[in-house]
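A.B. asks: Okay, here's the structure, questions in a sec.
FYI, it's all coordinate maths here, none of it is from the lab. Everything numeric here is computed off the predicted structure, so don't read it as measured data. All Cβ positions, glycine included, derive from the backbone under ideal geometry; neighbour counts span all protein chains shown.
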Amino acid sequence: MVHVSATPVLALRGVSKRFGAVQALTDVELEVHAGEVVALVGDNGAGKSTLVKTIAGVHPIDEGVIEWDGKPVSINKPHDAQGLGVATVYQDLALCDNLDVVGNLYLGRELLHRGVIDEVSMEKNARELLSTLSIRIPSVRIPIASLSGGQRQVVAIARALIGDPKIVILDEPTAALGVEQTAQVLDLVERLRERNLGVILISHNMADVKAVADTVAVLRLGKNNGSFPVKDTTHEEIIAAITGATDNAVTRRAGRRTTEAAK
Amino acid sequence: MSDTSKTVKKDPELQETVAPSDDPTAAPVSIVDPRLLVREEGLKGYWTEFKRKVKGGEIGSLPVVLGLIVIWTIFQLQNDRFLSADNLSNISYYMSATGMLAIGLVFVLLLGEIDLSVGSVSGLASTLFAVYVVNHGWNVWLALSLTLVIGALIGALQGWFFAKIGVPAFVVTLAGFLGWNGLMLWLLGASGTINIPDEGPVHLFGQSSFFMDQAVIGAYLLAGLGVASMLFGSLIEQRRRRAAGVPFRPTSEIALRVGLLAVAAFVSAYVLNQSAGVTNSLVIFLAALVIVDFVLRRTPYGRKVFAVGGGIEAARRAGINVPMIRITVFALSGFFAAVGGMFFAGQTQSATLNAGGGNTLMLAIAAAVIGGTSLFGGRGTVWSALLGMLVIQSIQTGLDLLNMNTSIQYMITGAVLLGAVVIDSVSRKSQKAAGRA
């Protein structure tokens with residue numbers, strides 16, 4: 001997919017974050033455009049979660065600039081991020097089992113009609129939202145406890161859309177899902193892109209990344225280790241960037257030999 | 001609410017067929033999953049669905065109704081005065097005091113917590129009121145207001161220890177159970193009992209204070225009011241849902257529900273009129289139930305209480321102030337305990353050493369749980385306080401009628417509480433197996 005907007009909705013410029021003696025992020029750059037799916041990949045401890053948490057306002061950044069629509073902003077609390085239009089979907093524990101789908105979608109921001117919860121409008125909007133996203137669940141009035149893992153995940157993602165965000169962060173949305181459910185979630189990610197939202201997708205699953213992402217941003221040891229357009233990049237190149245496999249004597253030597261051969 | 005989806009197949013024109021808005025040529029997508037079981041037409045449909053729900057552990061108020069029938073039959077066989085109008089009127093009067101405690105406990109149980117101090121707080125409330133009015137000569141209504149505020153503050157204090165300091169609610173309220181009882185004994189001092197003049201709130205909560213001064217029309221007026229508001233409420237809801245294009249209850253189902261309520265309400269009104277009439281205590285208890293039910297089901301605050309009971313982390317992430325909800329819920333529990341204490345004072349027109357002691361706490365917890373509010377949090381309605389109290393008070397009054405010793409009463413109360421908790425645990429297990437918990 002071609003970038004549809006010149007100015008990225010969200011841009012991180014030289015962002016650094018320290019926890020005590022640990023330099024979790026060093027000079028990290030990241031751009032997310034409207035209608036773009038950016039996959040954020042990296043090994044455990046590469047700084048993906050920290051990076052996402054700085055965007056979501058959980059950890060304020062130490063150095064660098066966060067730009068929103070080209071203008072520098074400060075994100076110090078989750079509330080700031082939500083106010084800008086960042087919605088975060090966590091891997092687990094995001095839904096109340098005892099409430100129904102409508103109740104969960106609107107949890108914390110119920111529609112009111114003269115001070116009373118407006119169940120009718122909420123149910124109507126919920127059904128419209130779910131059907132435009134082609135989400136199939138048995139009924140919007142059954143408790144979340146009755147839904148499968150994949151259905152819960154799509155409800156959690158749909159929940160993020162209620163607040164009309166511009167950027168949606170998905171933290172390993174397919175981690176615990178089966179084949180069919182994974183496909184459903186990936187479909188949903190594509191529909192988010194069609195709605196012109198910027199999506200940051202954290203995943204360890206290269207097949208998912210190749211399937212939906214436009215750009216792959218690789219983090220390694222808290223630093224950028226390449227940003228690739230998915231179309232022109234092979235599986236192996238991404239893996240190499242994640243593991244740092246290119247950064248050793250053998251590959252450097254191989255690189256020299258190919259350039260010499262080219263001459 | 002949960003059964004609105006069942007109506008979808010019955011009204012084919014309502015079948016949700018929404019084309020994706022961005023692509024009008026695409027095939028319509030039905031939002032209804034084909035795997036969802038849909039109730040069949042007619043009475044058979046209700047019956048099969050009922051059986052399925054029971055198997056899935058969604059028993060609702062079924063055990064209460066069955067239990068009530070069994071209890072009433074047994075006591076009626078033992079003593080034919082049990083189902084007399086006078087005795088039923090007694091049950092309706094005496095259940096309101098403990099019922100108030102049970103209302104507060106429903107809030108706490110919805111969070112999945114427990115408040116063991118409600119009995120002691122109710123005893124302390126009656127003593128405080130007596131001290132203000134008798135020893136200090138204060139205005140009764142001022143004394144009542146102050147007593148209720150202190151009840152709420154006591155609850156809030158316990159809630160603060162639980163929510164902010166992180167002491168388990170069980171331990172905080174166990175300390176309260178002892179501490180507030182000690183304070184009450186200290187206030188009563190050597191005299192032991194303070195008699196309260198039969199006026200103001202104490203008269204209002206007494207057994208000789210009746211709605212509309214025993215006018216026969218009063219009971220029917222209340223019954224009519226209840227039935228009419230349910231009927232109009234359901235019809236307005238149906239119209240709004242129909243206008244919005246979401247599933248609604250069919251008129252036949254509304255008629256059935258309203259009809260059942262009408263029978264229950266008017267039979268109760270008739271029976272109470274056969275005796276002395278409707279006591280004001282019962283009217284206040286019922287009004288409190290209606291208000292609290294509304295708060296829990298229809299306001300953002302009630303939704304937050306359910307959310308915290310269903311998943312603390314999810315509630316926190318949704319921006320809900322979890323400590324605030326916990327503190328206010330315990331404050332409500334303390335408030336209703338104080339109200340219950342005033343009702344006890346109205347029963348005896350005195351503050352005594354054993355007010356709120358004995359098995360008061362156990363009865364209130366048993367009532368809430370028997371009525372169907374889960375001990376595990378997140379599930380229940382405040383009507384369980386009414387249903388549970390009917391069972392509990394029937395047992396109490398029945399045992400009194402049979403001149404049973406307190407020892408026997410304690411044993412039976414203990415067994416009933418255990419039975420209620422067992423039913424709750426078993427139904428939760430089958431709900432889990434059926435994917436509903």
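A.B. asks: Per residue of chain A, what 222 nm ellipticity follows from adding -39500 (n - 2.57) for every DSSP H run with n ≥ 4, rounded to the nearest 500?
C.D. replies: Values: 9 runs with 94 residues, N = 263.
Value at 222 nm, helices only: -10500 deg cm²/dmol.
A.B. asks: Turning to a different aspect of this structure: When the label point is put 7 Å from the Cα of A:S74 along its Cα-to-beta-carbon vector, which residues of segment A:46-68 have a backbone N closer than 18 Å?
C.D. replies: Residues A:54-68 fall inside that zone.
A.B. asks: Can you pull the semi-axes for segment B:365-437, root of five times each eigenvalue of the Cα gyration tensor, sorted largest first, whole Å?
C.D. replies: Numbers: eigenvalues 152, 33, 11 Å².
Working through the eigenvalues yields semi-axes of 28, 13, 8 Å.
A.B. asks: What angle do you read, to the nearest 10 degrees and between 0 and 90, between the alpha-carbon axis of helix B:62-78 and the longest principal axis of chain B?
C.D. replies: Taking Cα atoms only, the helix is inclined about 40 degrees.
A.B. asks: Moving to a separate point now. Rounded, prolate or oblate for segment B:52-166? Axes are the square roots of the Cα gyration tensor eigenvalues, ordered a ≥ b ≥ c, and the cut-off for rounded is a/c under 1.5. Please report the intermediate quantities before stating the final value.
C.D. replies: Working: a/c = 3.72, a/b = 1.36, b/c = 2.74.
Here segment B:52-166 falls in the oblate category.
A.B. asks: Please list, short to long, the whole-number percent of alpha-carbon pairs of segment A:58-105 in consecutive 5 angstrom bins beginning at zero.
C.D. replies: Pairs per bin, as whole percents: 4, 17, 19, 20, 14, 10, 9, 6, 1.
A.B. asks: Using the reciprocal of the averaged 1/r over all distinct C-alpha pairs, how large is the Kirkwood radius of segment A:96-164 in Å? It would help to have the intermediate numbers written out before the result.
C.D. replies: Numbers: mean 1/r = 0.0833 Å⁻¹.
After inverting the pairwise mean of 1/r, the radius is 12.0 Å.
A.B. asks: Then there is this: Of the listed peptides B:47-55, A:95-103, what is their order by residue-averaged count of other C-beta atoms within 10 Å, with the highest listed first? All intermediate terms of the calculation are to be shown ahead of the outcome.
C.D. replies: On the way: B:47-55: 13.4, A:95-103: 24.4.
In descending order of packing, they fall as A:95-103, B:47-55.
A.B. asks: Oh, and also: Between 0 and 90 degrees, rounded to the nearest ten: what's the tilt of helix B:383-401 against the longest Cα principal axis of chain B?
C.D. replies: On a 0 to 90 degree scale, this one is about 40.
A.B. asks: Once you've got the GNM for chain A with C-alpha springs shorter than 10 Å, pick whichever of A:A213, A:A183, A:A158 has the biggest mean-square fluctuation.
C.D. replies: In this elastic network of chain A, the residue with the biggest mean-square fluctuation among A:A213, A:A183, A:A158 is A:A183.
A.B. asks: Across segment A:24-32, in residue order, what do the Karplus-derived ³J(HN,Hα) couplings come to in whole Hz, using 6.51 cos²θ - 1.76 cosθ + 1.60 with θ = phi - 60° and x for Gly and Pro?
C.D. replies: The phi angles translate into 6, 10, 10, 6, 7, 10, 7, 10, 10 Hz.
A.B. asks: Okay, moving on. Could you run the Karplus curve 6.51 cos²θ - 1.76 cosθ + 1.60 with θ = phi - 60° over segment A:114-122 and give me ³J(HN,Hα) per residue in whole Hz, x for Gly and Pro?
C.D. replies: My calculation for segment A:114-122 gives 6, x, 10, 4, 8, 4, 5, 5, 4 Hz in order.
A.B. asks: Here's something else I'd like to know. In Å, the Kirkwood hydrodynamic radius of segment A:1-143 over pairs of distinct alpha carbons?
C.D. replies: Working: mean 1/r = 0.0562 Å⁻¹.
For segment A:1-143, the Kirkwood estimate is 17.8 Å.
A.B. asks: Restricting to DSSP loop positions (anything but H, G, I, E, B) with no more than 13 other Cβ atoms inside 10 Å of their own Cβ, which trypsin sites (Lys or Arg not before Pro) remain in segment B:206-252?
C.D. replies: When the trypsin sites (Lys or Arg not before Pro) of segment B:206-252 are filtered for loop state and at most 13 Cβ neighbours within 10 Å, nothing remains.
A.B. asks: To continue, here is another question. Over all distinct alpha-carbon pairs, what is the Kirkwood Rh of the protein assembly as shown in angstrom? Intermediate results must be reported in sequence, preceding the final value.
C.D. replies: On the way: mean 1/r = 0.0347 Å⁻¹.
The answer is 28.8 Å.
A.B. asks: A further question on this structure: Grab the DSSP H runs of chain B that are 4 residues or longer, score each as -39,500 (n - 2.57), total them, divide by all residues and round the 222 nm result to the nearest 500 deg cm²/dmol. Before the final figure, lay out the partial values.
C.D. replies: Values: 16 runs with 290 residues, N = 437.
Rounded to the nearest 500, it is -22500 deg cm²/dmol.
A.B. asks: Please average, across the residues of B:291-299, the number of beta carbons from any other chain that are within 10 Å of each residue's own beta carbon, and give a whole number. Intermediate values should be presented prior to the final figure.
C.D. replies: Numbers: counts 0, 0, 0, 1, 0, 0, 3, 8, 5.
Taking all residues of B:291-299 together, the mean is 2.
A.B. asks: Also: With a sphere of radius 14 Å drawn around the Cβ of A:A6, what net charge do the other residues whose Cβ falls strictly inside it have (Lys, Arg +1; Asp, Glu -1)? Mind showing how you got there, number by number?
C.D. replies: On the way: positive: none; negative: A:E31, A:E36, A:E67, A:D69.
That works out to -4.
A.B. asks: If you take every DSSP beta bridge whose two residues both sit in chain A, what share of them, in percent to the nearest 5, is antiparallel?
C.D. replies: Details: 23 of 40 bridges.
Approximately 60 percent, going by the DSSP bridge assignments.
A.B. asks: Something else: For a quick check, take a GNM of chain B with Cα springs below 10 Å and name the residue from B:I150, B:I69, B:I165 with the largest mean-square fluctuation.
C.D. replies: B:I165
A.B. asks: Based only on other Cβ atoms within 10 Å, what is the fewest-to-most ordering of A:H113, A:H59? Before the final figure, lay out the partial values.
C.D. replies: Values: A:H113 13, A:H59 19.
Listing A:H113, A:H59 from fewest to most nearby Cβ atoms yields A:H113, A:H59.
A.B. asks: If you consider only alpha-carbon coordinates, what radius of gyration and Dmax does chain B have, in Å?
C.D. replies: Taking only Cα atoms of chain B, I get Rg and Dmax of 23.5, 87 Å.
A.B. asks: At B:L83 and A:R253, where each label point lies 7 Å from the Cα along Cα→Cβ, what is the point-to-point distance in nanometres?
C.D. replies: In this crude spin-label approximation the distance works out to 9.9 nm.
A.B. asks: Follow-up question, since we're still on this one. For B:K164, go through the lysines and keep the ones whose alpha-carbon is under 27 Å away, minus same-chain ones fewer than eight residues off.
C.D. replies: In chain and number order, the partners are A:K53, A:K77, B:K304.
A.B. asks: Let me ask something else about it. Need one number: convex hull volume per residue for segment B:274-377, Cα atoms only, in Å³.
C.D. replies: Details: hull volume 14.0 nm³, N = 104.
Dividing the Cα hull volume of segment B:274-377 by its residues yields 135 Å³.
A.B. asks: Continuing with the same structure: Compute a Gaussian network model of chain B, connecting alpha carbons closer than 10 Å, and tell me which residue from B:T299, B:T193, B:T98 fluctuates the most.
C.D. replies: Looking only at B:T299, B:T193, B:T98, the biggest GNM fluctuation is shown by B:T299.
A.B. asks: Out of every Cα-Cα pair in chain A, what percent are more than 35 Å apart?
C.D. replies: Working: 7089 of 34453 pairs.
In whole percent, the long-distance tail amounts to 21.
A.B. asks: Right, here's the next one. Taking every residue in B:238-244, how many Cβ atoms of other protein chains lie within 10 Å of its Cβ, on average? Don't skip to the answer; put the middle values down first.
C.D. replies: Working: counts 0, 1, 6, 4, 1, 2, 9.
Mean number of neighbouring Cβ atoms from other chains: 3.
A.B. asks: Can you give me the convex hull volume of the Cα atoms of segment B:65-105, divided per residue and expressed in Å³?
C.D. replies: Numbers: hull volume 3.1 nm³, N = 41.
Output value, Cα hull per residue: 75 Å³.
A.B. asks: What length, rounded to one decimal in nm, is gained on full extension from B:V54 through to B:E199, with 0.36 nm per residue of separation minus their alpha-carbon distance? Spell out each step's value before the answer.
C.D. replies: Working: separation 145, 0.36 × 145 = 52.20 nm, distance 4.88 nm.
Computed gain between B:V54 and B:E199 is 47.3 nm.
A.B. asks: According to a simple spin-label model (label point 7 Å from Cα along Cα-to-Cβ), what is the distance in nm between B:T73 and A:N196?
C.D. replies: 6.9
A.B. asks: Hey, another quick one. Give me the one-decimal nm value for the distance between modelled label points at B:V421 and B:M230, 7 Å along each residue's Cα-to-Cβ direction.
C.D. replies: A separation of 3.2 nm, rounded to one decimal place.
A.B. asks: Looking at the protein assembly as shown, what % of its DSSP beta bridges pair antiparallel, to the nearest 5? Before the final figure, lay out the partial values.
C.D. replies: Details: 28 of 46 bridges.
Counting DSSP beta bridges with both partners in the protein assembly as shown, the antiparallel share is about 60 percent.
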